[in-house]
Amino acid sequence: MQIRKEREEDYPLIHDMIKNAFKTAEHSDGNEQDLVEKLRKSSAYIKDLTLVCVENEEIVGFIMFTKNRIGETEGLSLAPLAVTPEYQHRRLGTLLVKQGLKLAKDMGYEHVIVLGNNKYYSRFGFINSKEFGIQSPFDVPSKNFMAINLQGKKNKLNAMVEYPKEFYNN
Ligand SMILES: CC(C)(COP(=O)(O)OP(=O)(O)OC[C@H]1O[C@@H](n2cnc3c(N)ncnc32)[C@H](O)[C@@H]1OP(=O)(O)O)[C@@H](O)C(=O)NCCC(=O)NCCS
């Protein structure tokens, strides 16, 4: 099993993999694979923080971190994360999140935002974003809107996350 940056030749396989993974997801709008394609073309895209998990020469996992704005600071949004159904519950999702957060930390990023299952993401250190004074622009349950400060700081930003437009028009 290998985790590496995505390559252009992976794009069609990633598209199909994400579509397949979200078919059985708890929450999905069915457009996650299209959001990825739009984000790749946007200024929010970070090639070094878009990773795939490869097993037996097949792409079985994907994670993307894109730039957002939180008040005066530049942060990251973790979305989407997907693992092929047949490969779920084997810690591939965990490895992708951990590797992505490590790279982002080394690149100097502070806040990463995720909208997702709080039980899943809390294991990586994500907490309710309100602890950092960070608000969601979306009408979502507070406990599912989470943040982490990769540099271990606890300062409050008192700001709402501004996502790239692709997140609003998807
Ligand atoms: C969420 C997802 C990426 C997890 O990937 P994974 O490789 O199966 O995760 P891991 O093996 O690292 O962790 C599995 C553990 O996480 C927990 N878990 C997995 N999915 C969960 C969910 N939706 N809610 C809560 N806990 C979850 C379980 O406790 C599981 O433990 P178990 O294997 O002992 O049952 C995968 O289920 C997936 O692709 N789902 C569809 C797409 C999706 O919902 N993405 C998340 C968007 S926020």
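The values are calculated or read from the model by the stated rules, or taken from the named source; none is laboratory data. Bear in mind that the values here come from a model prediction, so they are computed numbers and not experimental data. Methodologically, a virtual Cβ is constructed for each residue, glycine included, from the backbone with ideal geometry; neighbour enumeration extends over all protein chains shown. Ligands, DNA and RNA are excluded from the accessible area calculation, which covers all protein heavy atoms including side chains. Shrake-Rupley method; radii C 1.70, N 1.55, O 1.52, S 1.80 Å.
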| request: Determine if segment 141-148 includes at least one residue that is away from the ligand (no atom under 12 Å from the Cβ), polar (S, T, N, Q) and out of contact with any strand residue (DSSP E or B) (no Cβ under 8 Å at 6 or more places or on another chain). | output: no
| task | Identify, from the list D34, D29, D16, the residue that is open to solvent by 30 Å² or more (accessible area, probe 1.4 Å), under 16 Å from G116 (Cβ atoms) and out of contact with any Lys or Arg (no Cβ under 6 Å at 6 or more places or on another chain). | result | D29
| Going through segment 52-95 one residue at a time, which ones are touching a Leu at 6+ places or on another chain (Cβ under 6 Å) and not small (G, A, S)? | C53, I59, I63, F65, T66, I70, V83
| Single condition K154 does not satisfy, out of (1) open to solvent by 50 Å² or more (accessible area, probe 1.4 Å); (2) within 16 Å of the chain's Cα centre (by Cα); (3) farther than 28 Å from E8 by Cβ | (2)
| Out of I70, I127, I46, sole residue that is away from the ligand (no atom under 12 Å from the Cβ), within 19 Å of A147 (Cβ to Cβ) and touching a His at 6+ places or on another chain (Cβ under 8 Å) | I70
| field | Residue identified as in contact with a strand residue (DSSP E or B) (Cβ under 7 Å, 6 or more places away or on another chain), part of a helix (DSSP H, G or I) and open to solvent by 20 Å² or more (accessible area, probe 1.4 Å) among L95, L81 | value | L95
| task | Might you check whether a residue that is open to solvent by less than 30 Å² (accessible area, probe 1.4 Å), over 17 Å from P12 (Cα atoms) and either within 11 Å of the ligand (Cβ to nearest atom) or of a type in the set (G, A, S) (or both) occurs anywhere in segment 49-66? | result | no
| task | Test Y109 against the stated conditions and say whether it is touching a Gly at 6+ places or on another chain (Cβ under 9 Å), hydroxyl-bearing (S, T, Y), at pLDDT 95 or above and not in a strand (DSSP E or B). | result | yes
| note | Pairs returned, first residue in segment 23-40 that is small (G, A, S), second residue that is surrounded by 17 or more Cβ atoms within 10 Å (Cβ to Cβ), beta-carbon separation under 6 angstrom, 6 or more apart or interchain, are S28/F22
| note | Filtering segment 30-57 down to residues that are assigned to a helix (DSSP H, G or I), more than 14 Å from V83 (Cα to Cα) and either at pLDDT below 95 or in contact with a strand residue (DSSP E or B) (Cβ under 9 Å, 6 or more places away or on another chain) (or both) yields L35, V36, L39, R40, K47, D48, L49
| query | So, of the residues in segment 89-124 that are within 19 Å of A25 (Cα to Cα) and of a type in the set (V, I, T), which turns out to be nearest to the ligand (Cβ to nearest atom)? | reply | T94
